[in-house]
Amino acid sequence: MRITAMIKRIVQEMFRDKRTLALLFCAPLLILSLMYFFFNGKTVDPSLGVVHIDSQLVNTLKHSGIDIKYYDHATSETVKKDNLDGVLKVDKGKWTLILQNSDPNKAKSLEMKVKQAVASQVQMTVKQHVINVKQPKIGMETKYVYGNKDTTFFDVLSPVLVGFFVFFFVFLISGIGMLKERTKGTLEKVLSTPIRRWEIVVSYLVGYGIFALIQTIIVVLFSTTVLDVVLVGSIWNVILINLLLALVALSLGTLLSTFASSEFQMLQFIPIVVVPQVFFSGIFPLDSMANWLQLLGKIMPIYYGADALKAVMYKGLSISDVGGDIIALLVFAIIFILLNIVALKRYRVL
């Protein structure tokens, strides 16, 4: 009887907590659905610019699943400007392949396909004059817009991870910290004073922001100095971007904490708010997603933070080159801060 009574009480409490039930049954379906769409996305053919390349070789490259674009002249700047995966050109018998190398795995695959196609073409040309010739060696110079031949996928992934961990832990700590202020009655005491709602929000953001600043600097310095994470651009730009990302996480965490009544309920926001952002951070190829998923990614703060960090840390771009991402993060922060002020109306109307 006592065991039955305990089981009955637990079941009743679970049914009373609608949020926990929704998390239990809906969150796994949401995450599994996202994983299904990501891992079953369309395959995007690599794009290759060609300069004065024989039409027969071009056809061979096309049959290899490469999207060909024609140029009279192309350099590394052409690759960056037109967002090509690479450029192939030949001058006086000298072959040159320029790879963007934003995705090392994709770059290596493209390099292999190009070299195989060129070798096959040269061999066919030689066989027209010489019988029983062996596979000729091709003298091809490979250049890289970003990174080098030793670049790995982790070099591209590491800036994303730096930004994500800053976002995640600031979100978690600020949300739980603000929640404790409420559960302990501290917030109610503050609200009983003449202080305005925006002053409360700013105070908490600055207070927790000090620790977010320290955490951000520690993470960035540890990553770049101890772990030797790739850093081509300015470390000050990296810190600035991470601080903006931390501000977004801070304001979002405090906002969501107003809708939680316990630390457990605050943790329930992680699979709903934080986990989906992992899929849009650049860890998975965004260009292979369905169009509606790509649009969904653009309402995720981590999408802009990760893009900016990758551009600065891996590609060596300046802060002006990622101005769009910076503006997007600022807009997210402002929106969440304003929503924080509105959310405090639940506890006091001034």
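Some notes on this structure:
- Residues (surrounded by fewer than 18 Cβ atoms within 10 Å (Cβ to Cβ) and assigned to a helix (DSSP H, G or I)) located in the stretch 244-264: 263, 264
- Condition check for residue 106 on (1) touching a Ser or Thr at 6+ places or on another chain (Cβ under 9 Å); (2) of a type in the set (Lys, Arg); (3) open to solvent by less than 70 Å² (accessible area, probe 1.4 Å); (4) closer than 30 Å to residue 293 by Cα: one failure, at (1).
- Test: residue 110 is assigned to a helix (DSSP H, G or I) and touching a residue at least 24 places away in the same chain (Cβ under 8 Å): yes
- Listed by first and then second residue, the pairs with beta-carbon distance under 7 Å, at least 6 apart or on different chains, first residue in the stretch 90-102 and surrounded by 15 or more Cβ atoms within 10 Å (Cβ to Cβ), second among the small types (Gly, Ala, Ser) and in a strand (DSSP E or B), are 97/86; 98/86; 99/86; 100/86.
- Screening the candidates 63, 73, 52 for the property of being open to solvent by 100 Å² or more (accessible area, probe 1.4 Å) and either within 29 Å of the chain's Cα centre (by Cα) or modelled with pLDDT under 85 (or both) yields one hit, 52.
- Selection from the stretch 203-228 of residues that are within 18 Å of residue 253 (Cβ to Cβ) and in contact (Cβ under 8 Å) with a residue 40 or more places away in the chain: 204, 205, 208, 209, 212, 215, 216, 219
- Among the candidates 282, 305, the residue that is open to solvent by less than 30 Å² (accessible area, probe 1.4 Å), of a type outside the set (Ser, Thr, Tyr), part of a loop (DSSP other than H, G, I, E, B) and within 23 Å of residue 151 (Cα to Cα) is uniquely 282.
- Where helices (runs of 4 or more DSSP H) fall entirely within the stretch 134-226, those with at least 3 residues that are of a type in the set (Val, Ile, Thr) and more than 20 Å from residue 301 (Cβ to Cβ) are at 197-221.
- No other residue among 187, 221, 179, 231 is of a type outside the set (Ser, Thr, Tyr), buried (at least 17 other Cβ atoms within 10 Å of the Cβ) and modelled with pLDDT of 85 or more apart from 231.
The values are calculated or read from the model by the stated rules, or taken from the named source; none is laboratory data. As the structure is a computational prediction, the values presented were derived from the model and not from experiment. Cβ atoms come from the backbone with ideal geometry, glycine included; neighbour counts cover every protein chain shown. Note: areas computed on protein heavy atoms with side chains; ligands, DNA, RNA excluded. Shrake-Rupley method; radii C 1.70, N 1.55, O 1.52, S 1.80 Å.
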